[in-house]
Number of protein chains: 2
Amino acid sequence: MTTVRGARARARIEITAAIKDEARTQLAAEGAAKLSLRAVARELGMVSSALYRYFPSRDDLLTALIVEAYDAIGAAAEKAASETAGQRPLDRWTAVCRAVRAWAVAHPHEYALIYGSPVPGYSAPQDTIVPASRVGLVLIETARSAHTGEGVALPPLPEGLRPEAARLAADIAPDLPPALAVTLVGAWSQLFGLISFEVFGHFHNIVEDREAFFAAAARRLGQDVGLLPRG
Amino acid sequence: MTTVRGARARARIEITAAIKDEARTQLAAEGAAKLSLRAVARELGMVSSALYRYFPSRDDLLTALIVEAYDAIGAAAEKAASETAGQRPLDRWTAVCRAVRAWAVAHPHEYALIYGSPVPGYSAPQDTIVPASRVGLVLIETARSAHTGEGVALPPLPEGLRPEAARLAADIAPDLPPALAVTLVGAWSQLFGLISFEVFGHFHNIVEDREAFFAAAARRLGQDVGLLPRG
DNA sequence: CACAATCAAGAGCAGCGCTCTTATTTCGTA
DNA sequence: TACGAAATAAGAGCGCTGCTCTTGATTGTG
């Protein structure tokens, strides 16, 4: 059904992919700020105006790279989760966190594109919201697997946070206690705080053994969301 | 001693300040990416080449804004700490965190400049490292005030993290137990994880009552660094 | 007073995103 | 199979950018 119609459609797919490939290469090499449509076209042996047949603007090309980056870091998280399927929840949690961090360290510019300063207009395009949620979903799933049945000790919910906690839990994980949902979202953002500080250089001259530091912090985040050291 | 020599020196100081002011205005309005030397010069009624007498490049102007932003957010943290001088450590901690968040929410583009993707070349200029440490120092000081004398229950340090913890503690707070120093650095980066996710839009359609959510998360970070709810 | 430092201004270069026009190639269909 | 429509490539060009170099005027100092 979705077979390629003819030579033209096939060429379009290939050229679109080639543009994204070259753009990703330039992104990885120099960062989003120095990604240039003209340079991409030049490298591909075409003229810049021809490139606009495939991406209507530079921001659209960047959006495509954003989606790819979200998918890549999400896939890394999912891979770590599935590879540790039988293990204890806390070990799975830290494995997922380490996989996310490893991807970020290996792809700093792509990471900056999705978790750094928002580059284009303020609101993220619709295409990005599903890929952007993949890491969070893995974290929720990992935590959920430890919460089938018995309750886990969570800190009491402050009075003023109760409505928000109920709403938030209903949105992202209706089967989990509201306090856990709130903690999960906090741990999610704090995980990327750790990673961003490392990738963006804020640990320069401060944290040296970043692997060990991160592993300990990620493990602690896992305990925060109710994953016990033994069990 | 440091009096202004003559009309020319005085004009130089004023013009330099005017350039920074206008640049900060444009930064706040449109973000770092759209900050243009030519636009700044235009708004100031001068020609673009004249501006290079005051800032040798666009990156140098951006660096000046970075220093200003670090100083502003650091001052906000210090103000919150001094205004809560007599209160309980955990309340002081959350007050500092909220002040930092409030500044970030009020100045999203300036926040993005310092805690988002690093914009210029990879290493931060020397001028930024002292201002950049002000928030962290306030956090350390706030936590230290709760650690005069009696020990506080901290999670055990993993085996592999002991050398790093000792080194890190010696660097940033020799009088504090290594486990606390490690936790502090983690809380520091995780605090900015919470703030960055809010400012950069990752909480869109997820967290609604951001004040309450942040307050609870910040309080929990404070407990992580050993600040007790009562005492 | 004269000399040196400082500065504003202009012209200009190379690069950028993007648009419009023109010519060529491919495709579905009459 | 031939034709008209759609898609594509290429070129020229607009206004913008950061930045450099040169020229001429202003200011401070020996």
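No lab work stands behind these numbers, since they all come straight from the coordinates. Predicted model only: the values in this text are computed from it and were never measured. So basically every Cβ, Gly included, is an ideal-geometry build from the backbone, and we count neighbours across all protein chains shown.
See the values below:
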read-out	value
Approximate spin-label separation B:Asp71-A:Ala75, in nm, with each point projected 7 Å along Cα-to-Cβ	4.7
At 7 Å out from Cα toward Cβ: A:Lys79 inter-copy label distances (nm, ascending)	4.8
Kirkwood-type radius of the protein assembly as shown, with distances r between different C-alpha atoms, in Å	24.0
Listed peptides A:191-198, A:88-95 by packing density, highest first (mean Cβ within 10 Å)	A:191-198, A:88-95
Against the rule of thumb 2.2 N^0.38 Å, how large the Cα Rg of the stretch A:1-105 comes out	1.40
Karplus-derived 3J(HN,Hα), 6.51/-1.76/1.60, for each residue of the stretch A:69-80, Hz, glycine and proline x	5, 4, 5, 5, 6, x, 5, 4, 5, 5, 4, 4
Peptide-level mean, for A:202-211, of C-beta atoms on other protein chains within 10 Å	5
Ascending list, in nanometres, of distances separating the B:Ala29 label from those of the other copies (7 Å, Cα toward Cβ)	3.6
Mean separation of Cα contacts under 8 Å, 6 or more apart, over the residue count of chain B: relative contact order %	21
Per-residue HN-Hα couplings for the stretch A:219-229 [Karplus 6.51, -1.76, 1.60; θ = phi - 60°; Hz; x = Gly/Pro]	4, 5, 4, x, 5, 4, 8, x, 8, 8, x
Hydrodynamic radius by Kirkwood, which averages 1/r over all alpha carbon pairs of the stretch B:100-200, in angstrom	15.3
Position B:Arg53, label points 7 Å along Cα→Cβ, spacing to each other copy in nm (shortest first, one decimal)	5.2
Calculated from backbone phi, Karplus (6.51, -1.76, 1.60) coupling profile of the stretch B:176-188 in Hz, x at Gly/Pro	9, x, x, 4, 5, 4, 4, 4, 4, 5, x, 5, 4
Ratio Rg/Rh, restricted to chain A and using Cα atoms, in which Rh is the Kirkwood radius	1.05
Per the axis that maps chain B onto chain A, nearest residue of B (Cβ criterion) and its distance in Å	B:Gly193, 1
Residues whose placed amide H lies under 5 Å from that of B:Ile206, excluding near-sequence neighbours	none
